[in-house]
1. As an exercise: evaluate Ala45 against (1) among the hydrophobic types (A, V, I, L, M, F, W, C); (2) modelled with pLDDT under 95; (3) assigned to a strand (DSSP E or B) and give the number of the one condition it does not meet.
2. Determine whether segment 44-63 contains at least one residue that is charged (D, E, K, R), in contact (Cβ under 8 Å) with a residue 12 or more places away in the chain and over 27 Å from Gln167 (Cβ atoms).
3. So, Ser32, is that one modelled with pLDDT of 90 or more, of a type outside the set (Val, Ile, Thr), touching a helix residue (DSSP H, G or I) at 6+ places or on another chain (Cβ under 8 Å) and under 29 Å from His172 (Cα atoms) or not?
4. Which count do you get for residues in segment 173-187 that are open to solvent by less than 60 Å² (accessible area, probe 1.4 Å) and either free of Cβ contacts under 8 Å to residues at least 40 places away in the same chain or within 17 Å of Ala118 (Cα to Cα) (or both)?
5. Just to be sure, is Pro117 surrounded by fewer than 21 Cβ atoms within 10 Å (Cβ to Cβ), over 26 Å from Phe163 (Cα atoms) and not acidic (Asp, Glu)?
6. Would segment 102-118 turn up any residue that is closer than 20 Å to Ile39 by Cα, at pLDDT 90 or above and touching a strand residue (DSSP E or B) at 6+ places or on another chain (Cβ under 8 Å)?
7. Can you pull out the residues in segment 1-56 that are of a type in the set (Val, Ile, Thr), more than 16 Å from the chain's Cα centre (by Cα) and closer than 19 Å to Pro91 by Cα?
8. Tell me the residue from Ala80, Ala162 that is out of contact with any Phe, Trp or Tyr (no Cβ under 9 Å at 6 or more places or on another chain), of a type outside the set (Lys, Arg) and open to solvent by 30 Å² or more (accessible area, probe 1.4 Å), please.
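The values are calculated or read from the model by the stated rules, or taken from the named source; none is laboratory data. None of these values were measured; they are calculated from a predicted model. All Cβ positions, glycine included, derive from the backbone under ideal geometry; neighbour counts span all protein chains shown. What goes into the accessible areas is simple: the full protein's heavy atoms, side chains included, and nothing from ligands, DNA or RNA. Shrake-Rupley method; radii C 1.70, N 1.55, O 1.52, S 1.80 Å.
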Amino acid sequence: MTEPGINQQIAARVRQLRTQRALSLEALADQSGVSRSMISLIERAEASPTAVVLEKLAAGLNMPLAALFEPKTRASGPVALRQDQPVWRDPGSGYLRRNVSPPGNLTPIQIVEVEFPAGARVAYESGGRQTPIHHQVWVLEGAIDVTIGDEWYALESGDCLAFVLDQPTTYHNVRNKPARYAVVITS
């Protein structure tokens, strides 16, 4: 289940990143393909954006999606206790994501755990960013299909797929039971 206040945390983080980059709502809308009004609703925590919308914003901000789930003020310690890890459920697909890594810039690596419901599908339309973002998807339980551009990969438990996030990417659980996987991200 999504932790209380996660939409407020996402709102504050999007607003903070946009402000740090001196972007107006209009400029971020142009860069991300998300409407100015939707960005405004997200920044006021009046909308529950889907993973697809958040990925577009992250691409427009030249950040990995995981960065939108970090707290506005970053912890200084090297440990992220499970109870402190942000948890969010995508209202579009129902997938549950947990940012496992400690927030901040201690390392360029971020780890995200995803619980992906049976039949769930998420298609990220955004491609590359100015700073390349590298992903490794490691299937912990179940199986998922991942499509990167025109390439399709059927991943089973234990399989790991490495790629640069520079093309539209789709995750699909075509099985009748949930899957769980980790995404390791570097930028």
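1. (3)
2. Taking segment 44-63 and keeping what is charged (D, E, K, R), we get 44, 46, 55-56.
With in contact (Cβ under 8 Å) with a residue 12 or more places away in the chain added as a condition, the list becomes 44, 55-56.
Then keep just the ones that are over 27 Å from Gln167 (Cβ atoms); that gives 44.
Yes, some residue in segment 44-63 is charged (D, E, K, R), in contact (Cβ under 8 Å) with a residue 12 or more places away in the chain and over 27 Å from Gln167 (Cβ atoms).
3. Criteria met by Ser32.
4. 4
5. no
6. Let us first name the residues in segment 102-118 that are closer than 20 Å to Ile39 by Cα, namely none.
The answer is no; no qualifying residue exists.
7. Ile39
8. Ala162
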